[in-house]
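*Asks:* Before anything else, here's the structure in question.
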C-alpha cells in the first residue's frame, strides 16, 4: 500500500523540477547572448550560474560545455535547445 506515498512523492518531485526548469528558462532567455559568449570561451560566470540554477553536478559540467560547444550554431539560435540540454545534464 505504498502507492499513495509514491504518488505524493512523485508530485512533489515534479513540482520541484518544473520550478527549477522555469528558473533556468528565465535565466537563459534573459542572458542568452552572454551565455553564447561563455560557451564559445569554454566557460564563464554566466554559464556557471546557468549550470548552478539547473543543478548540473560538478562532474557533468565539462562534458556539458563540450556538448554546447560542439553544436554552438544550434544553441546560438535556440535558447530553448540550451534550456533542454542544461536540464538533461542536471
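Computed from the coordinates by the stated procedures, all read-outs in this text should not be read as laboratory data. These numbers come from a predicted model, not from an experiment. Because the Cβ atoms are built from the backbone with ideal geometry, glycine has one as well, and the counts that use them run over all protein chains shown.
*Asks:* Here are some conditions: (1) within 11 Å of the chain's Cα centre (by Cα); (2) free of Cβ contacts under 8 Å to residues at least 24 places away in the same chain. Residue 56 meets all but one. Which one does it not meet?
*Replies:* Single failed check for residue 56: (2).
*Asks:* Quick one: count up the residues across region 21-45 that are within 17 Å of residue 87 (Cβ to Cβ) and either in contact with a helix residue (DSSP H, G or I) (Cβ under 7 Å, 6 or more places away or on another chain) or surrounded by 17 or more Cβ atoms within 10 Å (Cβ to Cβ) (or both).
*Replies:* Total satisfying the criteria: 11.
*Asks:* Cβ contacts < 7 Å: first residue on the phi < 0 side of the Ramachandran plot and free of Cβ contacts under 8 Å to residues at least 24 places away in the same chain, restricted to region 68-82; second residue loosely packed, with under 13 Cβ neighbours inside 10 Å and part of a helix (DSSP H, G or I), any location; separation 6+ or different chain. Result?
*Replies:* 81/74
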